Every structure is written in C-alpha cells, then in structure tokens.
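The values are calculated or read from the model by the stated rules, or taken from the named source; none is laboratory data. What you are looking at is a predicted structure, and each value in this text was computed from that prediction instead of being measured. Quick reminder, even Gly has a Cβ in these numbers, built from the backbone with ideal geometry, and neighbours come from all protein chains shown. Side chains included, ligands, DNA and RNA excluded: accessible areas come from the protein's heavy atoms. Shrake-Rupley method; radii C 1.70, N 1.55, O 1.52, S 1.80 Å.
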Amino acid sequence: MTTRYRYLHLDVFTGRRFGGNQLAVFPRAEGLSAELMQTLTQEMNFSESTFILPRERGDTDIRMRIFTPGREMPVAGHPTIGSTFALALEGVIPAGQRRWIFGLNIGPTPVDIDWDGGRPTFVWMTQQNPVFGRTVDDIDGAARAIGVDASAIRGTHLPVQEVSCGVPFVYFPVATRAAVDAARANLDAFQDLCRRFGVDDHAMFVFSPEAGPDGATVYSRMFAPGLGVAEDPATGIASGPLGCYLVRHGVVPASDAGRIRSLQGVKMGRPSWVHIAIGVEGPDITRVQVGGEAVLVGEGYVEV
C-alpha cells in the first residue's frame, strides 16, 4: 500500500527565494520509520530535512527529527528556524504566538517568533551555552585541511579551535575573504588533524573577519563531509558557537555581541544572512541565539 507524505520547501536565512539554505519540512510524518526519514532526506538532496511528529513530553509543543543525507542530527539551526516558519504558515503555530518549543533529540529547544499580522517575519533559536574544545596547534596541518596557505591562518593571530553549542565544529580563521573563497576541504588531512588533536571530524567552518561593503561581521563557509554535506549554504547550529568564539577571542567586543552577522554561502551562489546574539555577563557567556528569515518556495508530495 502506498502512502503520500506532503512536504514544504523553504529557503532559510534569506528573505528572497532561491538564496539561503534549502529545507524540506514534512509537517505530518506519523508512520515514517527512521530508515524512511533517512531515505527521504537523501531523495530530497538538501543539506537537511525535518519530520514533524506529535509531542512526546509536556514541556514541548511538538516533536521534530532532523536528518542530513548522512545521518540524524541531535539539533540543527536552519531546520529549526525553517520549520518554525513552515508550521506558522500552516497554522500549527497560532498567529501571534511568540514562543514555541521543539522537542529535539538534544531536548527542548525554544524559538521566539516575530510576526507581521498573521505572518512570521523573523525567528530566533536559543542554543545551548558553548563548550570550548581543544585548539589545534599544527597550523600547517590546519592549512592543508582547508586548502589554503598557512600564512592565511597565522595572519589572524587566532586559534583553530573546536566549539560546540550542541554539535561540535572546528573553526578555521583566515585573514581575508579571498582566502575563504579559495578554501577547499581536504577530508584526509582534516581527519588526520582531528585524530591527532582529539577533536570532532565531521565539519570544518572557515571564516574571515575582514570587513566588506555588505557590513557582515564575518564572511563564512562550512564543509561537512562527515554529514554527507560537501558544503552548506547556511549553518545555524555552527553560527552560535561561531559567535561565542568571536566574543571569547576578542574579535567582537561584548558591547556588540548582540548584533553579529555571518554572511555564508556566497561562493555557492546562495548568500545567507545568519544573525547571532550572544549574552555576556562579565567573563561568562550566558545566552546563545541564532536568528533569521525564511521564505516558502513550494510544496509537493512523495509516495512511500
């Protein structure tokens, strides 16, 4: 017997269609096994798809599972923000409701929603406070992992470091935007580097604080071959730790920590604006939020 499942296609971290990061949202995923969710995500061939289910605990509003083409995720940014828009447009989230809590594999995850009448306009996702992991002292090895000259990293006087707000990423600072554009992921070199320094090897985040006419705080790219994603146009769950890194290492002063913007996806032809707000009290980071827009592109059905 064939069953049809409806999905919504959104572009996330953009206010215009055909930019940002693509997302498929299955708003009624009851009856789908984890295996079928993985298969459908591979079929959609976006960096992630989400599957909406009835809530499983009283401190959440709804259950959501998130998959990349390679595996299920504990939490992710653009799927959470994009799914909030989808559920608001579907009327599952009542018009004007400011807070909604997803039940994710990592636990309850709140979002805050801005509205214009009955339409959502902006969503903030609250992430876990950061865990700062090890630094990578082999700058030549780090440069090989991202395919740039070692001087591009050394010129920043910043560390290559793992940081996590629920999902760990290794952050590679480079001096210029041109170096970001020139980066090429070398998976073998990256895995060797991670083995030697005891950091997670699923994703590398390359960024530059070089200023540009667009006003972005940083200019970024993210490679996640360990998740089945060669390059991601916009990575919300990497952007919270990015903001924490920028504040911790003095790239962004505490006075500006609530208005960080990462411009990602330009090299892919899908420019994405990721807004980051870091709460700081003295030396401590007390709040991590990542926000953005999303637009509905289309909808359809798949049969399983």
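So is ARG63 under 15 Å from PHE26 (Cα atoms) and of a type in the set (Lys, Arg) or not? Against the criterion (under 15 Å from PHE26 (Cα atoms) and of a type in the set (Lys, Arg)), ARG63 qualifies.
Filtering the stretch 201-233 to residues that are without any contact (Cβ under 8 Å) to a residue 12 or more places away in the chain and buried (at least 22 other Cβ atoms within 10 Å of the Cβ) leaves nothing.
Checking each residue in the stretch 205-220 for being small (Gly, Ala, Ser) and more than 13 Å from ILE276 (Cα to Cα) picks out SER208, ALA211, GLY212, GLY215, SER220.
Restricting ARG195, ARG261, ARG270 to those that are farther than 17 Å from GLY77 by Cβ and charged (D, E, K, R) reduces the list to ARG195.
Go through SER47, SER83 for me and flag whichever is in contact with a His (Cβ under 9 Å, 6 or more places away or on another chain) and within 24 Å of VAL274 (Cβ to Cβ). Result: SER47 is the single residue among SER47, SER83 that is in contact with a His (Cβ under 9 Å, 6 or more places away or on another chain) and within 24 Å of VAL274 (Cβ to Cβ).
May I ask you to verify whether ILE106 is in contact (Cβ under 8 Å) with a residue 40 or more places away in the chain, closer than 26 Å to GLU303 by Cβ, aliphatic (A, V, I, L, M) and open to solvent by less than 60 Å² (accessible area, probe 1.4 Å)? No, not satisfied. Residues that are closer than 24 Å to ILE276 by Cβ and outside any helix (DSSP H, G or I) occur at least once in the stretch 181-189. Within the stretch 250-303, restricting attention to residues that are over 28 Å from ALA29 (Cα atoms), open to solvent by 70 Å² or more (accessible area, probe 1.4 Å) and part of a loop (DSSP other than H, G, I, E, B), the residue that is modelled with the highest pLDDT is ARG259. Among the residues of the stretch 234-248, some residue qualifies, meaning at least one is touching a residue at least 60 places away in the same chain (Cβ under 8 Å), basic (Lys, Arg) and either surrounded by fewer than 22 Cβ atoms within 10 Å (Cβ to Cβ) or within 25 Å of ILE81 (Cα to Cα) (or both). Considering only the stretch 117-146, how many residues are outside any strand (DSSP E or B) and open to solvent by 20 Å² or more (accessible area, probe 1.4 Å)? Going through the stretch 117-146 one residue at a time, the tally reaches 10.
I'd like to check something: does the stretch 35-56 contain any residue that is touching a Gly at 6+ places or on another chain (Cβ under 7 Å), crowded, with 24+ Cβ neighbours inside 10 Å, touching a residue at least 24 places away in the same chain (Cβ under 8 Å) and not in a loop (DSSP other than H, G, I, E, B)? The answer is no; no qualifying residue exists. Return the residues of the stretch 22-34 that are of a type in the set (Val, Ile, Thr) and either more than 20 Å from the chain's Cα centre (by Cα) or open to solvent by 60 Å² or more (accessible area, probe 1.4 Å) (or both); say none if nothing qualifies. Matches in the stretch 22-34: none. If only residues of the stretch 207-249 that are assigned to a helix (DSSP H, G or I) and of a type in the set (Ser, Thr, Tyr) are counted, the one that is farthest from the chain's Cα centre (by Cα) is TYR245. Could you tell me which residue of the stretch 24-34 is nearest to HIS275 (Cα to Cα), considering only residues that are in contact (Cβ under 8 Å) with a residue 60 or more places away in the chain and assigned to a loop (DSSP other than H, G, I, E, B)? Once the filter is applied, the top-ranked residue is PRO27. Scanning the stretch 64-83 for residues that are open to solvent by less than 10 Å² (accessible area, probe 1.4 Å) and either of a type in the set (Asp, Glu) or touching a residue at least 40 places away in the same chain (Cβ under 8 Å) (or both) yields MET64, THR68, MET73, VAL75, ALA76, GLY77, HIS78, PRO79, THR80, ILE81, GLY82, SER83. Contact map, the stretch 2-23: residues that are free of Cβ contacts under 8 Å to residues at least 24 places away in the same chain paired with residues that are crowded, with 19+ Cβ neighbours inside 10 Å and part of a loop (DSSP other than H, G, I, E, B), Cβ distance under 9 Å, separation 6+ or inter-chain. No pairs are found. The residue that is least open to solvent (accessible area, probe 1.4 Å), counting only those in the stretch 147-176 that are of a type outside the set (A, V, I, L, M) and in a helix (DSSP H, G or I), is SER151.
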